[in-house]
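What follows is a short report on a single structure.
The values are calculated or read from the model by the stated rules, or taken from the named source; none is laboratory data. Given the structure is predicted, the values throughout are model-derived calculations rather than measurements. We place every Cβ from the backbone using ideal geometry, glycine too, and count neighbours over all the protein chains shown.
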Amino acid sequence: MEPCSGQADFFVTIDFDGTINESDVTDAVIKKFARPDWQEAERLWEEGSIGSRECLSLQMALIDAPLEHIVEYACTHPLDPAFRDFLELLRDASIPFAIISDGFKPIINGILAKAGFSGIPVHANDLLEGKTGLRTIFPNTSSVCHSGTCKCKTADLLAGGLPIVHIGDGRSDFCISRMATHVFCRGKLTGYCVENEIRHSPFTDFQGVKNDFETFLNGGTPLSPEQDADMGLSRSFGNQPQGVTPSPGLMTPN
Ligand SMILES: [Mg+2]
Ligand SMILES: [Zn+2]
């Protein structure tokens, strides 16, 4: 996709599972529909023997249910209620954005459509319904990540050189966080940001993220516990050097 306009000086990337959607819907779908062998793949992923790409392929192949039923079930998992307002803020301010997820596009699009959203760019893995179950397709892979969707590569292609502000919660967000100028984080991602000295603001929900963005857009310096006076968002948004490539350490599964 093209950045929406030349006005904003950063690009916002948003994770889906555990971020926009309060629960990990991909996980929930696998637990609900896959035959029990999914747990073995999960174990290999947890211990780092396989990446999420391989893990998801193995797990989705264990699902026989029609995609329609899967999406229907996925829609019972609620979105963060404040996501709508946050999106409105981005659109009003002409800030370019995209959802980048290591989940599956038909599921994410189904949930968003059911909640009444339209026109949100979604970059994620894909699913095809075959005669023998679901087939996974990974259009956003890279040689540096073992994720289904390499978020750092995808964001790099989308952002058109703009600095990236990322919002996420988990392992699939590690690679993109290293290249982001600022990260809104919760879950595992918070520890990762601390360990790697990545500029970040922990968030609880999109109401908080929206408040921080509003403060920034109004020219104020938001106070975040993780930032001192010299590291306010007004500095960290848009003013960081870009082009940080993932270190070899990122070649571990994510
Ligand atoms: Mg997530
Ligand atoms: Zn990556």
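Taking the condition of being among the hydrophobic types (A, V, I, L, M, F, W, C) and surrounded by fewer than 21 Cβ atoms within 10 Å (Cβ to Cβ), how many residues in the range 88-97 meet it?
Result for the range 88-97: 3.
Out of the range 156-178, which residues are within 12 Å of ligand 2 (Cβ to nearest atom) and either at positive phi or surrounded by fewer than 22 Cβ atoms within 10 Å (Cβ to Cβ) (or both)?
Those that are within 12 Å of ligand 2 (Cβ to nearest atom) and either at positive phi or surrounded by fewer than 22 Cβ atoms within 10 Å (Cβ to Cβ) (or both): D156, L157, R171, R178.
What number of residues within the range 110-126 are surrounded by fewer than 21 Cβ atoms within 10 Å (Cβ to Cβ) and either closer than 22 Å to L162 by Cα or hydrophobic (A, V, I, L, M, F, W, C) (or both)?
The total comes to 8.
Among the residues of the range 74-90, is there at least one that is within 16 Å of ligand 2 (Cβ to nearest atom) and within 30 Å of E195 (Cα to Cα)?
no
Could you check the range 179-197 and list, in sequence order, the residues that are surrounded by fewer than 20 Cβ atoms within 10 Å (Cβ to Cβ) and more than 15 Å from ligand 1 (Cβ to nearest atom)?
Selection gives V194, E195, N196, E197.
Examine the range 134-150 for a residue that is within 16 Å of ligand 1 (Cβ to nearest atom), within 23 Å of S201 (Cα to Cα) and surrounded by 19 or more Cβ atoms within 10 Å (Cβ to Cβ), and state whether such a residue exists.
yes
Report, by residue number, each residue of the range 55-94 that is modelled with pLDDT of 95 or more, touching a Leu at 6+ places or on another chain (Cβ under 9 Å) and over 20 Å from V25 (Cβ atoms).
Hit for the range 55-94 is L89, nothing else.
Just to be sure before I move on: is A93 within 16 Å of ligand 2 (Cβ to nearest atom), in contact (Cβ under 8 Å) with a residue 40 or more places away in the chain and touching a helix residue (DSSP H, G or I) at 6+ places or on another chain (Cβ under 8 Å) in the structure I sent?
no
Quick check on my filter: what residues within the range 175-217 are assigned to a helix (DSSP H, G or I) and in contact with a strand residue (DSSP E or B) (Cβ under 7 Å, 6 or more places away or on another chain)?
I176, S177, M179, L189, T190, C193, V209, D212
Mind telling me which of the residues E46, E22, E40 ends up being over 21 Å from H166 (Cβ atoms), within 16 Å of ligand 1 (Cβ to nearest atom) and not aliphatic (A, V, I, L, M)?
E46
Only one residue in I107, I30, I100 is β-branched (V, I, T) and either surrounded by fewer than 17 Cβ atoms within 10 Å (Cβ to Cβ) or free of Cβ contacts under 8 Å to residues at least 60 places away in the same chain (or both), so which one is that?
I30
Looking only at the range 38-83, how many residues end up being under 20 Å from the mean Cα position of the chain (by Cα) and acidic (D, E)?
The qualifying residues number 4.
Pick out the one residue from F86, F33 that is under 17 Å from the mean Cα position of the chain (by Cα) and of a type outside the set (S, T, N, Q).
None of the others qualify; the one that does is F86.
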